[in-house]
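Starting off with a structure, shown below.
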Amino acid sequence: MSNYESIHGTRVKYLTSDPTLDSSTEGQVWYNSTSGANKALVQIKATLSSGSLSTARAGLAAGGSSPQTVGIVFGGTSAYPNTDTNATEEYNGFNWANGGNLNLARTYMAGFGTQTAAVGAGGYDHGNGDKSEVEEYNGSTWSEVTDLPGNQRSQGAAGTQTAGLVFGGDPPGPIRTQSLEYDGTNWTSSGTLNTGRKYLAGCGIQTLALAVGGSVGTPVRSAATEEYNGSSWTSGNSFTEGRSALACFGAQTHAVIAGGSSPGIVNSIEEYDGINWTTSPATLATATRYLAGFGSGTAGAVAGGGAPGITGATEEYNSNINAFTPAVWSAGGNLGTGRYGHAGAGTQSAALAFGGETPSTTANTEEYNGTSWAEQNNLPYAKQKLGGAGVQTAALSIGGTPLPPNSVEEYNGSSWTAGGALGTGRYDVTGAGTQTAGLAFGGLQDSDATEEYDGSSWTNGGNLTTGRRKPGSAGTQTAALGFGGYKWPPPGGGLTNETENYNGTSWTVAPATLSNARQGGSAGATSSAAIFFGGQNVPTATEQYNGTSWSSTTALGTGREEIFGCGTSSLSIGFGGFPSPAATEEFTEGSAAVVTASTLTTS
């Protein structure tokens, strides 16, 4: 029987306790004499599908230095055989938004930099051939800058807008070995590649770059790795599977390659530790070539490509020694009366749903016990586009339509009674707080108005900075958060991602949500811990707020508009909505687990 020493030439360490479990321990094997077990620390590697590009394309370029959650891609071909695009898209961690268009549409550009400072160089214009044009992006618009020394395409690239590097590629003549450094203004020739290649990939910075793969002539695909030190290239160890038209992201000491042509289209992923390549257990969901990559060796992403049809798919790659419990949406019991345009109150295990459209307007009320919904006494009259606040046994129904839009009802756990009327009647209003310390803001017909409730009557509070219909909400009467919604009135109206904080007196601007904008479900017990999900444009997207910024998390299982939510940011519930008016989903926040060593067993 083989043993570890005979295979790897190193004795297994004999320890009385596990060593420090961090990146320095990764891959090691030891014997813990206390537990009597052989143990190891193994890195977790996985891919995750994310939001698709608005413009599916192959042969696109990326700002490779961008982080996984702040990416950018541009150019490419949006239809075979010859439809070049000038589209730019920006990634926020779960979906893409359109940026400013390139001045010149082209495919097979060299791309480097970041979302707010990118460079696109050279490329191929299917109507006019290879190009030397170079453009810089400032986060909103592209401007033409100093051209490359000659027309060229299919180069590798690395670096930033003020310290970039392009290398290899073609044409004219033989496949290029040339490298060109960019200082933000001018191009300068530098060291040549040991192996000339086209359709290769690169990553890293200008003085510590990596060139990988590529084609050295049809049908030969290269597995070559070369490292650049700021002046010359040195050959490193080859990777397992030669390929061209691949994606690369990360640094010279920790890089990842994915996809490509070998010559068949592949979905495999390999990781580089600065010396050797190893095949990752994770793979792309779909074999793809002519794709773009950005991010780090531990958290990267790829987008677009040909599979063989053109795709807009995005996949994130994560490689970490930490074991994470991912956030999850799970199916709950269906509403007895499916609805949208409704309201609710309570927690994940004790929720309340009332009013809405079925599509006819309804007064139906239901309670949720964490498993199933049960019908209760109805509202005094049917209404929709209303607000809700409170808990299951002490809830508020606020405003709505049809008349009277200033009506307020209180629920005591069994029946509804009339409460104090709103000072300003409205619908598409949002509620927050409790039955005796409630808050109502936004809506029509007075979209910036805020009112506070003391359990019997309403008084005016400070107006919203941005008037809007049906924003999301979290928090209390004296510390609330309002976000998203529909700005009113025109001109300048439309969906918004603006966020505001309320301190009991006035509203102030807070960081905007990541999505383009929507009217979706929301929850949160405090103004510094909120969740926003579903809605127009991004019906499955979910975001969480930590008091400082919004971040994306696990998507809804069933995309919906006009979904209602309640609970906390870590344990919330969403129910109803269009087009799945009866569906209920429960959200449980993910958490990072303490890094633990795996026990090695025999079988």
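The values are calculated or read from the model by the stated rules, or taken from the named source; none is laboratory data. These numbers come from a predicted model, not from an experiment. A quick note on method: Cβ atoms are made from the backbone with ideal geometry, for glycine too, and the neighbour counts reach across all protein chains shown.
Taking the stretch 493-514 as the search range and keeping residues that are loosely packed, with under 14 Cβ neighbours inside 10 Å and free of Cβ contacts under 8 Å to residues at least 40 places away in the same chain, which one is nearest to THR554 (Cα to Cα)?
By that ranking, first place goes to GLY494.
On to the next question. From THR436, THR424, THR417, THR478, which residue is farther than 24 Å from GLN536 by Cα, β-branched (Val, Ile, Thr) and assigned to a strand (DSSP E or B)?
THR417
Could you tell me which of the residues ALA353, ALA331, ALA363 is in contact with a Ser or Thr (Cβ under 8 Å, 6 or more places away or on another chain) and closer than 23 Å to GLU409 by Cα? Before the answer, list the steps.
Values: ALA331 fails: closer than 23 Å to GLU409 by Cα; ALA363 fails: in contact with a Ser or Thr (Cβ under 8 Å, 6 or more places away or on another chain).
None of the others qualify; the one that does is ALA353.
Considering only the stretch 456-468, state which residues are modelled with pLDDT of 95 or more and crowded, with 21+ Cβ neighbours inside 10 Å.
Those that are modelled with pLDDT of 95 or more and crowded, with 21+ Cβ neighbours inside 10 Å: TRP458, GLY461, LEU464.
Among the numbered conditions (1) of a type in the set (D, E, K, R); (2) within 32 Å of the chain's Cα centre (by Cα); (3) surrounded by 17 or more Cβ atoms within 10 Å (Cβ to Cβ), tell me where ASP183 comes up short.
Here ASP183 meets the rest and fails (3).
Looking at the stretch 48-77 only, could you name the residues that are part of a strand (DSSP E or B) and at pLDDT 95 or above?
First, the residues of the stretch 48-77 that are part of a strand (DSSP E or B): 48-50, 58, 61-62, 72-74, 77.
Within the stretch 48-77, ALA58, ALA61, ALA62, ILE72, VAL73, PHE74, THR77 qualify.
If I ask for residues that are among the aliphatic types (A, V, I, L, M) and modelled with pLDDT under 95, which ones from the stretch 276-312 would you list?
ALA282, ALA285, ALA299, ALA307, listed by residue number.
While we're here: Are there strands (runs of 3 or more DSSP E) fully within the stretch 483-526 with at least 1 residues that are more than 26 Å from THR459 (Cβ to Cβ)? List them.
Numbers: elements: 499-502, 507-510, 521-526.
Those strands (runs of 3 or more DSSP E) span 521-526.
Name every residue in the stretch 430-451 that is more than 34 Å from the chain's Cα centre (by Cα) and either crowded, with 21+ Cβ neighbours inside 10 Å or in contact (Cβ under 8 Å) with a residue 60 or more places away in the chain (or both), in order of residue number.
Within the stretch 430-451, just GLU451 meets the criteria.
Looking at (1) assigned to a loop (DSSP other than H, G, I, E, B); (2) crowded, with 19+ Cβ neighbours inside 10 Å, which is the one condition that is false for GLY574?
It is condition (1) that GLY574 fails.
Here is a follow-up. Considering (1) in contact (Cβ under 8 Å) with a residue 60 or more places away in the chain; (2) of a type outside the set (A, V, I, L, M, F, W, C); (3) more than 30 Å from PRO539 (Cβ to Cβ), say which one LYS470 fails and leave the rest.
(3)
I've got another one for you. I want to confirm something. Restricting to the stretch 527-566 and keeping residues that are outside any strand (DSSP E or B) and of a type in the set (Val, Ile, Thr), which single residue is modelled with the lowest pLDDT?
Selected residue: VAL538.
May I ask you to list the residues in the stretch 515-556 that are of a type in the set (A, V, I, L, M) and surrounded by 20 or more Cβ atoms within 10 Å (Cβ to Cβ)?
Within the stretch 515-556, ALA517, ALA523, ALA530, ILE531, VAL538, ALA541, ALA555, LEU556 meet the criteria.
In the stretch 353-369, how many are touching a residue at least 60 places away in the same chain (Cβ under 8 Å) and farther than 18 Å from GLU561 by Cα?
1
For the subset of the stretch 29-47 comprising residues that are of a type in the set (Val, Ile, Thr) and either at pLDDT 80 or above or surrounded by fewer than 17 Cβ atoms within 10 Å (Cβ to Cβ) (or both), which member is farthest from GLU271 (Cα to Cα)?
Applying the filter and picking the extreme gives THR34.
Mind telling me which of the residues TYR411, TYR427 ends up being more than 38 Å from the chain's Cα centre (by Cα) and either under 19 Å from THR365 (Cα atoms) or touching a residue at least 24 places away in the same chain (Cβ under 8 Å) (or both)?
TYR411
What strands (runs of 3 or more DSSP E) lie completely within the stretch 252-300 and have 2 or more residues being hydrophobic (A, V, I, L, M, F, W, C) and crowded, with 23+ Cβ neighbours inside 10 Å?
By residue number, 254-258, 292-295.
Return the residues of the stretch 219-242 that are touching a strand residue (DSSP E or B) at 6+ places or on another chain (Cβ under 8 Å), free of Cβ contacts under 8 Å to residues at least 40 places away in the same chain and either more than 20 Å from GLN206 (Cβ to Cβ) or among the aliphatic types (A, V, I, L, M) (or both); say none if nothing qualifies.
The answer is SER222, ALA224, SER238, PHE239, THR240, GLU241, GLY242.
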